[in-house]
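The values are calculated or read from the model by the stated rules, or taken from the named source; none is laboratory data. Quantities reported herein were computed from a predicted structural model and do not represent experimental measurements. Glycine also receives a Cβ, built like all others from the backbone with ideal geometry; neighbour counts cover every protein chain displayed. With ligands, DNA and RNA removed, areas are computed over all heavy atoms of the protein, side chains included. Shrake-Rupley method; radii C 1.70, N 1.55, O 1.52, S 1.80 Å.
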Amino acid sequence: MSLPLSDQERRKQISIRGIVGAENVAELKRGFNRHLHFTLVKDRNVATPRDYFFALAHTVRDHLVGRWIRTQQHYYERDPKRIYYLSLEFYMGRTLQNTMINLGLQNACDEAVYQLGLDIEELEEIEEDAGLGNGGLGRLAACFLDSMATLGLAAYGYGIRYEYGIFNQKIRNGWQVEEADDWLRHGNPWEKARPEYMIPVHFYGRVEHTAGGTKWVDTQVVLALPYDTPVPGYMNNTVNTMRLWSARAPNDFNLRDFNVGDYIQAVLDRNLAENISRVLYPNDNFFEGKELRLKQEYFVVAATLHDIIRRFKASKFGSTESVRTVFDSFPDQVAIQLNDTHPAMAIPELMRVFVDIEKLPWNKAWDITKRTFAYTNHTVLPEALERWPVDLVEKLLPRHLEIIYEINQRHLDHIASLFPNDVDRLRRMSLIEEGGTKRINMAHLCIVGSHAVNGVAKIHSEIVKSEVFRDFAELEPDKFQNKTNGITPRRWLLLCNPGLAEVIAEKIGEDYVRDLSQLAKLHEFVDDDLFIREVAKVKQENKVKFALYLEKEYEVKINPSSMFDVHVKRIHEYKRQLMNCLHIITMYNRIKRDPVKLFVPRTVIIGGKAAPGYHMAKMIIKLINAVAQVVNNDPVVGSKLKVIFLENYRVSLAEKVIPATDLSEQISTAGTEASGTGNMKFMLNGALTIGTMDGANVEMAEEAGEENLFIFGMRVEDVAELDKDGYNAQQYYDRLPELKQAVDQIQSGFFSSDEPDLFRDVVDMLFHHDRFKVFADYEAYVKCQEKVSELYLNSKAWTKMVIRNIAAAGKFSSDRTIKEYARDIWHVEPTDLKIPPPNEPREGAEDRTPNGTAARA
């Protein structure tokens, strides 16, 4: 339930959320009633809240469609270089409010819905999250789509339309339980099926080498059906496309070898083909070498490249040739960005198309391929790197294996010519890993097949160059770049924190929404008492609102003036939720030891999903919930300390918790978190960061000044030194009494009295095989947390530090990141050209697309 607004507040015209305007409101109301009428056979009195949501969504969609068609017409006529962002994940979240904001309709929709006697926040809550991603990598792709549209780039996101997204997490008796995310069960108002662009994708079969060339024959065919979703830029009338593929069995599937009596089974077996797009694999930073996953990766790649080549060949209107047949200009017209190695099969697939189908000579095809692809690396964890067994690839994609072998042979011949007799270097740099099961190293394939390779934060890109891919970086140093991640300020400020967005706009104007570097102007107001009070007031309002939400959902009484200490992200050992848990136990023990001593009240909020097969991550969730059970029910502790595990953390929940956060936990072991983007969201929304010098934390400290973050713990060099000397957890346990007490409590069953041995695996890991060295940073972490508490007592000093952080957050806009990709990798220029809206005549005026229809997709 939204907090009630006064009429005056409701009608407040903040132009960053769009002008209200009586005409706009009347038009929206007409649209709403029209769609509601179409939805309901009976009268409006029997409409459900979901009916109202769909009526509003369709009304807003009406305002998108004209801009969408016009944008595609614009691209068709101008024929700019196209950018293709290939990702197995797009973690989009909800679409309604984001679309209203980017079209400048938010205030008018608020007013129209209010006049219709409805609550817009209640309608927004009905929308399902499009949970087509696991975490950072998928959410980054979503932010990038928003920025590419806002910067006027002719960009397309390509991925899979998973029928089931990331599982819904339920907490039962403290344990994570997974439920299927049937996000499409009520329909998706934002997508449009495009059966006219359906594409066959081939699997299995065999390879024939003939005088006329190489043929891949006797394959199984699966059809790829595209669904298009519009991606609006911010207030520029540009609407780009995200195209997601769904698997369909062909009508003759399993019926070619038709046997009487097998017809029913043959129809049932269509599911086998359609399973390809059934479900998102729920692993984050972990490689699971399953055949279905490889099928998904090839499926999206084959369908997408077919589409890209079709679009390239379709000549723009007015040219002399009807179809482009020469591929020399391909890299000047097409840039393909591989979001991690998941779409790496695009490299051999493009080579197969060029060599086997288009009959290009190998060297020419390879030159075009390399100049087309660029690869983004997202992790340095060895268990996350994709290494596909050769036997599996040979069975599923026999021609692609041949092409990979040929790429590798030529690559190794080149290395051998530069480093004669260096057999070890050849082994290290090969695309094929020998020994045991022969595997294809997909990262090596991406590096060899791309003209640019980037990490996602300065420190990560350095580790990529100096450690993980050192041999490749020595060979081609100019190929390796850094592109520090960013977040879209539209969703992660305007949408989720309108109060703060308005306070900022009143001080520095509204242009910062498109140019976040303008936040630096806030440095002038660090000592402005009125501004300090306004920023603190917005934070407190957000906390009260979130506290009400928590009390409703978890039936725990929350003190809104306590410090909201938040740790939300995927549950993984490297992210060290266990270290936070040890700190909670330490705080609990300190309160119990001296209940009358002044203690800064905290509400510790931890949230995130564990991969279903990741035993240790699931144990960590259980431990946090077990600790919460004890802490929250101890009358001595009272309201001084509360612990909440946030169930089913997802994009729409992040939008609620981040604006209400005081302290952001970014405590991964130095050298393990490639970048992080949650850290940036918290910074932009007025939280202070406690963190290690890892990922983008390093650049956040650089921008804001290290004194304005709570930095603690080992640096990358310290971790390396400890690895060299050998990490001995026992030493820390023996030396630190508070650590010993906390660990002993976990081990003895203090938090699991019914099952004293429950956490034995966790304790055993911490002592004997903790790769992420929790005990080594524990002491520095606890001391740093004491400094946090001390500052929190001084509200004004705390808020001044908050303002310094917000003022330094400008670098972390995904607009800046995309400008860097555009100029350094894709070689295109962003444009601030505003395409005329559908109700205004176009430049050059008449529709010059064939038959006056919408431009080709």
Task: Links that overshoot a 20 Å alpha carbon limit, given the list K640/K681; K557/K642; K458/K618; K552/K796; K724/K773 - done: K640/K681; K458/K618; K552/K796
Open item on the list: Per-residue counts of other Cβ atoms within 10 Å, averaged by peptide: what ranking do you get for 174-185, 361-372, 535-546, highest first?
Closed with: 535-546, 361-372, 174-185
Task: Rough spin-label spacing in nm, given labels placed 7 Å along Cα→Cβ, for R172 and F767 - done: 3.3 nm
- [ ] Divide, for region 484-602, the radius of gyration over alpha carbons by 2.2 N^0.38 Å, where N is the residue count.
- [x] 1.36
Open item on the list: Please compute, over every Cα-Cα pair in region 595-664, the percentage with a separation greater than 16 angstrom.
Closed with: 57 percent
- [ ] Could you point to the label whose value was computed as Cα extents along the principal axes in Å for the structure here, given (i) 88, 75, 63; (ii) 99, 58, 50; (iii) 145, 97, 56?
- [x] (i)
Open item on the list: Spelling out what I want: for every residue of region 748-758, take phi, set θ = phi - 60°, compute 6.51 cos²θ - 1.76 cosθ + 1.60 (Karplus), and round to whole Hz; glycine and proline get x.
Closed with: 7, x, 4, 9, 8, 4, 6, 9, x, 8, 3
Task: Pair K395, R78: separation of 7 Å Cα→Cβ label points (nm) - done: 4.9 nm
TODO: Evaluate 2.2 N^0.38 Å with N set to the residue count of region 755-808, then give the Cα radius of gyration divided by it.
DONE: 1.78
Task: Peptide ranges 92-102, 626-636 listed from the most packed, as the mean C-beta count within 10 angstrom indicates - done: 92-102, 626-636
Task: Under 17 Å from the D511 label point (7 Å along Cα→beta-carbon), backbone N, region 816-837 - done: 816, 831-834
Open item on the list: What is the percent carbon and sulfur in the accessible area of the chain, measuring with a 1.4 Å probe over the protein chains and ignoring ligands?
Closed with: 51 percent
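State the extension gain, in nm to one decimal, for the chain segment bounded by A47 and K192, taking 0.36 nm per residue of separation less the distance between their alpha-carbons. Could you put the intermediate results ahead of the total?
Numbers: separation 145, 0.36 × 145 = 52.20 nm, distance 2.47 nm.
Stretched fully, the A47-K192 segment lengthens by 49.7 nm.
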Task: Leading residue at positive end of dipole, the chain (Cβ point charges), from G233, Y821, C446 - done: G233
- [ ] Could you calculate the FRET efficiency of D734 with V207 from 1/(1 + (r/R0)^6), where r is the beta carbon distance between them and R0 is 60 Å, rounded to 0.05?
- [x] 0.45
Task: Per-peptide average of other Cβ atoms within 10 Å, ordering 153-159, 497-503, 227-233, 380-386 highest first - done: 153-159, 227-233, 497-503, 380-386
- [ ] Compute the Cα gyration tensor for region 97-146, then decide on rounded, prolate or oblate, letting a ≥ b ≥ c be the square roots of its eigenvalues: rounded whenever a/c is under 1.5, prolate when a/b is larger than b/c in the other cases, and oblate in all that remain.
- [x] oblate
Open item on the list: If you wrap a convex hull around the alpha carbons of region 396-490, what volume per residue comes out, as a whole number of Å³?
Closed with: 146 Å³
Task: Residues with amide H under 5 Å from that of L641, placed H, sequence gap 5 or more - done: R602
TODO: Give me the percent of DSSP beta bridges within the chain that run antiparallel, rounded to the nearest 5.
DONE: 45 percent
TODO: Equivalent ellipsoid semi-axes for region 342-435, as square roots of 5 times the alpha carbon gyration tensor eigenvalues: give them largest first, rounded to whole Å.
DONE: 22, 19, 15
Task: Computed lengthening from V636 to D527, 0.36 nm per intervening residue step minus Cα-Cα distance - done: 35.3 nm
Task: Rotationally averaged projected area of region 59-178 (alpha carbon convex hull; nm²) - done: 9.9 nm²
- [ ] Please list, in chain and number order, the residues 5+ apart from A452 or on another chain whose amide H is under 5 Å from its amide H, with Hs placed from the backbone.
- [x] Y375
TODO: Set Lys and Arg Cβ to +1 and Asp and Glu Cβ to -1, take the dipole of the chain about its Cα centre, and tell me which of Q72, W362, A249 lies farthest positive.
DONE: Q72
Task: Per-residue ³J(HN,Hα) for region 23-35, Karplus 6.51 cos²θ - 1.76 cosθ + 1.60, θ = phi - 60°, Hz, x for Gly and Pro - done: 5, 4, 4, 4, 5, 5, 5, 4, x, 4, 5, 4, 5
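What's the FRET efficiency of K834 with D62 using the Cβ-Cβ distance as r and R₀ = 30 Å, to the nearest 0.05? Numbers along the way, then the final one.
Values: r = 20 Å, r/R0 = 0.67.
Rounded to the nearest 0.05, the efficiency is 0.90.
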Task: Sequence-separation-based contact order of the chain, relative, with Cα cut under 8 Å and 6+ spacing, percent - done: 14 percent
TODO: Give a residue-ordered list of calculated ³J(HN,Hα) values for region 815-828 (Karplus: 6.51 cos²θ - 1.76 cosθ + 1.60, θ = phi - 60°; whole Hz; x for Gly, Pro).
DONE: 4, 5, 4, 5, 4, 5, 4, 4, 7, 8, 10, 8, 6, 10
Open item on the list: Please compute the modelled spin-label separation between H615 and K796, points set 7 Å along Cα→Cβ, answer in nm with one decimal.
Closed with: 5.6 nm
Task: Residues of region 233-379: accessible area per residue with a 1.4 Å probe, Å² - done: 38 Å²
TODO: Collect residues whose amide H, placed 1.01 Å from N in the peptide plane, falls under 5 Å from the amide H of Y164; neighbours closer than 5 in sequence don't count.
DONE: V279, L280
Task: Translational diffusion of region 645-793, µm² s⁻¹ [Kirkwood Rh, Cα pairs; Stokes-Einstein; 4 °C; 1.567 mPa s] - done: 76 µm²/s
Task: Cα-based convex hull volume of region 545-628 per residue, rounded to whole Å³ - done: 106 Å³
Open item on the list: Straight-line reach only, C-alpha to C-alpha below 16 angstrom: list the lysines that K359 could link to, leaving out same-chain residues fewer than 8 apart.
Closed with: K215, K313
Task: Amide N proximity, region 363-393 versus E291 label position 7 Å along Cα-to-Cβ, cut-off under 19 Å - done: 387-393
Task: Once the Cα gyration tensor of region 458-529 is diagonalised, semi-axes √(5λ) in Å - done: 39, 13, 10
